[in-house]
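Enquirer: Could you have a look at this structure, given as structure tokens, before my questions?
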Protein chains: 2
Amino acid sequence: MAKSIRLAKRVITESDRLAVELVDRFRKARVFVANLMSSPGSGKTSLLEETARRLGKELRMAVIEGDLATDRDAQRIRRAGIPSYQINTGGGCHLSARQVLDALEQFDLATLDVLFIENVGNLVCPAEFDLGERRRVVLASTPEGDDKPIKYPVAFHKADCVVLNKIDLLAATNFSREAFLGYVRGLNPKIPVLEMSCRTGEGVQGWLDWVRAEREAAAKGAARPPKR
Amino acid sequence: MAKSIRLAKRVITESDRLAVELVDRFRKARVFVANLMSSPGSGKTSLLEETARRLGKELRMAVIEGDLATDRDAQRIRRAGIPSYQINTGGGCHLSARQVLDALEQFDLATLDVLFIENVGNLVCPAEFDLGERRRVVLASTPEGDDKPIKYPVAFHKADCVVLNKIDLLAATNFSREAFLGYVRGLNPKIPVLEMSCRTGEGVQGWLDWVRAEREAAAKGAARPPKR
């Protein structure tokens, strides 16, 4: 029993060490890095497509895509006009700092303003792993129901920004905005919650403004905000 | 390195041994056991609520609920009129055979016709763990997008039944039924795909018929079908 506990501790430390290496590389390159996580199908790739289309002429962006299988999301991002690099995890339920470090071999960080890391679609495992990101973004969508924050509290507690997507479907679901916001604030009192529909474009402007502001801070060499 | 490989092997074997113990207990009790898995918010609990309301007078049912936190789902099931037992996994991303065995201490299997196990909302990790179930049910819902089967292939490959929920939202999304069915059949050619809306009740009858037929097979003491 003691042996397996020691083993687990060593693995966590290695992962943390690599995350610190990533923080350092991102800060030196003055690139804003956001780690996006959510359930499968909440709209991570749709949000990045919209961002590519609407911010692609203004900022130099790239995306690292994490999926169990296929390079569909990387292809979608490329079609929206920005470079993307697909990591297939096989059975792996989250991206690791090691995988992100390896992906960085494929392009020059110094040429970028913003790097998005789209994690594996999963509200559980990705929340436990620091990828060196400046900001962690958790997406939820109205058809999933308003109780997801309290049912997946680690993801929402550790987030720096919540995106509530698919507000165009609000009237067709039983979702309560008040309940959702109450649950989010209970776990993470000051977090921004950006409501939008990536399908209709409504509310996406607030996200673009948030990305611009975060990018400006990163471009000035600001240290990563302390993590929870 | 060799040591950690041996350790992993031993852990898997223990989990498999406990799953075989569960298969044996379920068969002896002649209870039909289904393990439900999906993304967060696809409608597992809603499906079980509908099942409780519409089949609760005909069959003796219970639900084992798996969640990271809260007993909200167990409460919803109880309000729908059948017993439920909540397992909170803490950070755990799936239910284990050990947790199901422990939950069985709380009730008498022999008094049941059907036991549903609602796994943690996650399309990745639960797919790797046998809980001794006769049938494995994977839910998807139209707002998640039609590409989920190929992006989470293990879950759909190992499933015995696919439920496609929220068809009432079909027109409001970009979901293609043909694409979804093609992806499912590519991974799992003969699997039944039951389309429904737990919110409107449309299509739920097909699911109730499927449950009845599976329950009859289990009541006759039929062996568990071979797993992929």
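The values are calculated or read from the model by the stated rules, or taken from the named source; none is laboratory data. These numbers were taken from a predicted model, which means no experiment stands behind them. Cβ placement follows ideal geometry from the backbone for every residue including glycine, while neighbour counts extend to all protein chains displayed. To get the accessible areas, we keep the full protein, side chains included, count just its heavy atoms, and leave off ligands, DNA and RNA. Shrake-Rupley method; radii C 1.70, N 1.55, O 1.52, S 1.80 Å.
Enquirer: To the nearest µm²/s, what D does Stokes-Einstein give for segment B:55-146 at 20 °C and 1.002 mPa s, using the Kirkwood radius over alpha carbon pairs as Rh?
Expert: 152 µm²/s
Enquirer: Name the chymotrypsin sites (Phe, Trp or Tyr not before Pro) in segment B:34-127 that are in a loop by DSSP and that have at most 15 other C-beta atoms within 10 Å, would you?
Expert: Loop-located and lightly packed - B:F107.
Enquirer: Also: Would you tell me the accessible area of B:V23, worked out with a 1.4 angstrom probe on the heavy atoms of the protein chains, in Å² to the nearest 10?
Expert: Using a 1.4 Å probe on the heavy atoms, I get roughly 40 Å².
Enquirer: How long are the three semi-axes of the equivalent ellipsoid of segment A:174-228, in whole Å, if each is the root of 5 times an eigenvalue of the C-alpha gyration tensor, listed from largest down?
Expert: Semi-axes from the Cα gyration tensor: 25, 19, 6 Å.
Enquirer: Suppose R0 equals 41 Å. What FRET efficiency, 1/(1 + (r/R0)^6) with r the Cβ-Cβ distance, do A:K227 and B:R17 give to the nearest 0.05?
Expert: 0.55
Enquirer: Calculate log10 I(q)/I(0) of chain B for q = 0.10, 0.17, 0.18 Å⁻¹, where I(q) comes from the Debye formula with a single equal point scatterer on each Cα and nothing for solvent.
Expert: Values, matching the q order: -0.43, -1.29, -1.45.
Enquirer: Inter-copy label distances at A:N174, 7 Å along the Cα→beta-carbon direction, one decimal in nm, shortest first?
Expert: 2.9
Enquirer: Further question on the same structure: Taking the Cα centre of chain A as origin and charging only Cβ (+1 Lys, Arg; -1 Asp, Glu), how large is the dipole, in debye to the nearest 20?
Expert: Its charge dipole is roughly 600 debye.
Enquirer: Let me ask you something else. Determine the gain in length on full extension of the stretch B:T70-B:F107; use 0.36 nm per residue of separation and subtract their C-alpha separation, reporting nm with one decimal.
Expert: Here the answer is 11.2 nm.
Enquirer: List the distances, in nm to one decimal, from the label point of B:E216 to the label points of the same position in every other copy, shortest first, placing each label point 7 Å from Cα along the Cα-to-Cβ direction.
Expert: Shortest to longest, the spacings are 6.9 nm.
Enquirer: Pick out which of A:D102, A:D147, A:D24 has the largest mean-square fluctuation in a Gaussian network model of chain A, springs linking Cα atoms closer than 10 Å.
Expert: Looking only at A:D102, A:D147, A:D24, the largest GNM fluctuation is found for A:D102.
Enquirer: Mind listing the label-point distances from B:R72 to the same position on all other copies, shortest first, one decimal in nm, points 7 Å along Cα→Cβ?
Expert: Ordered by distance, the counterparts are at 2.7 nm.
Enquirer: Please work out the ratio of the alpha-carbon Rg of segment B:112-228 to 2.2 N^0.38 Å and round it to two decimals.
Expert: Normalised Rg, Cα atoms only: 1.07.
Enquirer: Rounded to the nearest 100 Å², what is the buried accessible area between B and A, both sides summed, probe 1.4 Å?
Expert: Accessible area lost upon association: around 2900 Å².
Enquirer: What whole-number value in Å² describes the accessible area per residue of the protein assembly as shown for a 1.4 Å probe?
Expert: Value returned for the protein assembly as shown: 41 Å² of accessible area per residue.
Enquirer: Once Rh for the protein assembly as shown is found with the Kirkwood sum over Cα pairs, what is the Stokes-Einstein diffusion coefficient at 25 °C and 0.890 mPa s, in µm²/s?
Expert: Translational D for this selection: 107 µm²/s.
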